[in-house]
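Notes follow the structure.
The values are calculated or read from the model by the stated rules, or taken from the named source; none is laboratory data. This structure is a prediction, so every number in the text was calculated from the model and none was measured. Reconstructed Cβ throughout: ideal geometry from the backbone, glycine too, with neighbour counts over all protein chains shown.
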2 protein chains.
Amino acid sequence: MDQRVAVLRLSHRPSRDKRVSTHLLLAARAFGASKAFYTGEQDDSIEESIRKVVTDWGGDFTLEYAEGWRSVFEKWEGKIVHLTMYGVPFQEAAQEIRDDPSPKLVVVGGAKVPGEVYGAAHWNISVTGQPHSEVSALALFLHELYEGKELDLEFPGAHIKTIPQARGKKLEIHPERV
Amino acid sequence: MDQRVAVLRLSHRPSRDKRVSTHLLLAARAFGASKAFYTGEQDDSIEESIRKVVTDWGGDFTLEYAEGWRSVFEKWEGKIVHLTMYGVPFQEAAQEIRDDPSPKLVVVGGAKVPGEVYGAAHWNISVTGQPHSEVSALALFLHELYEGKELDLEFPGAHIKTIPQARGKKLEIHPERV
């Protein structure tokens, strides 16, 4: 992809967020992010789920736990995009973000997002001003950033691949790799 | 919107799916569906959450419980689109679906989707062949179906509205309506 993207998921709580965080991380991978960080509570089971998807479905997406958002922001060599329903519509800001060649850290809130995150981000971006989901917001944002090119992504080394069908299910399985 | 869309969420399990189903239903509303059905276990609390969002944020999105998918399919006066990672890429089928003027029922799987659903749907559509989330799949599909026009949707009667900001949060609140 033209731009390297990592996603930062804030304040993961294993008991409450496991499924939504898993969906979010899988959407990050499927729509072209190369990496994700998460803060909150460390969660071996979510790390294991994501690793298993990468092994089975290919590519080299990685997930890393971080103690807090500040250290991720400080170490990030690129710009920071914070997705929030209070921000500027993504369709208005996308061209400017695309024109900036630096890697992007896309920050996705959890429970309560500290006010400093709004100040430290280079862009605060909304995907509609309506309540919906960080999963749909992230997917739409990446789809717009990559202008649909992420839909042609290949995931090298996959053991499993879907073969599009008008009816039913077809998988291509490489047993030698499983 | 040009086409009326209702979403059908299959096999909701309150204990496990509450948050993902809520995100899915909110994404349905935010991206232009006018209605949703769900099957599985009836869940007063999810119905109440969605009703509250509609009261606060406007529009007339409704949610209805149905005993099973068959009765919803049978009563549906229009075509049926089933979102599944095994289907035909949405970017290839979107124009055909758009050209069909009938209302669309967009079916989104839960745990195990019965084989008959694949047969009964007019289209089986994938949003990438990768595992991610029904929330991101639905949002991308509606965004493509409506060609981005859903981003300009107005939600009449809202008590609360976000005012886009480059930094921070701004809400417009109509206390007389709250």
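Given B:LEU105, B:LEU138, which one is surrounded by 18 or more Cβ atoms within 10 Å (Cβ to Cβ) and more than 10 Å from every other protein chain (Cβ to nearest Cβ)? Give the derivation first.
Numbers: B:LEU138 fails: more than 10 Å from every other protein chain (Cβ to nearest Cβ).
From the options B:LEU105, B:LEU138, the qualifying one is B:LEU105.
Of the listed requirements (1) closer than 20 Å to B:VAL117 by Cα; (2) touching a residue at least 12 places away in the same chain (Cβ under 8 Å), B:SER71 misses just one: (2).
Could you tell me whether region A:113-131 includes any residue that is in contact (Cβ under 8 Å) with a residue 60 or more places away in the chain, closer than 24 Å to A:GLU41 by Cβ, assigned to a strand (DSSP E or B) and more than 10 Å from chain B (Cβ to nearest Cβ)?
Taking region A:113-131 first, the residues in contact (Cβ under 8 Å) with a residue 60 or more places away in the chain are A:113, A:117.
From what is left, the residues that are closer than 24 Å to A:GLU41 by Cβ are A:113, A:117.
Subset that is assigned to a strand (DSSP E or B): none.
Checking region A:113-131: not a single residue is in contact (Cβ under 8 Å) with a residue 60 or more places away in the chain, closer than 24 Å to A:GLU41 by Cβ, assigned to a strand (DSSP E or B) and more than 10 Å from chain B (Cβ to nearest Cβ).
Filtered by the rule that a residue be of a type in the set (D, E, K, R) and within 30 Å of A:ILE160 (Cβ to Cβ), region A:42-79 gives A:ASP43, A:ASP44, A:GLU47, A:GLU48, A:ARG51, A:LYS52, A:ASP56, A:ASP60, A:GLU64.
May I ask you to list the residues in region A:108-126 that are crowded, with 19+ Cβ neighbours inside 10 Å and touching a Phe, Trp or Tyr at 6+ places or on another chain (Cβ under 6 Å)? Residues satisfying the conditions are A:ASN124, A:ILE125. Between B:ARG70, B:ARG98, the distinction of being among the basic types (Lys, Arg) and either surrounded by 15 or more Cβ atoms within 10 Å (Cβ to Cβ) or within 15 Å of the chain's Cα centre (by Cα) (or both) belongs to B:ARG98 only.
Out of A:PRO175, A:PRO156, A:PRO164, report the one residue that is exposed (fewer than 15 other Cβ atoms within 10 Å of the Cβ), at pLDDT 95 or above and not small (Gly, Ala, Ser).
Working: A:PRO175 fails: at pLDDT 95 or above; A:PRO164 fails: exposed (fewer than 15 other Cβ atoms within 10 Å of the Cβ).
Going through A:PRO175, A:PRO156, A:PRO164 in turn, the sole match is A:PRO156.
Of A:ASP44, A:ASP60, A:ASP56, all but one fail to be under 23 Å from A:PRO14 (Cβ atoms), in contact (Cβ under 8 Å) with a residue 12 or more places away in the chain and surrounded by fewer than 22 Cβ atoms within 10 Å (Cβ to Cβ); the exception is A:ASP56. Residues in region A:141-152 that are part of a loop (DSSP other than H, G, I, E, B) and more than 8 Å from chain B (Cβ to nearest Cβ): A:TYR146, A:GLU147.
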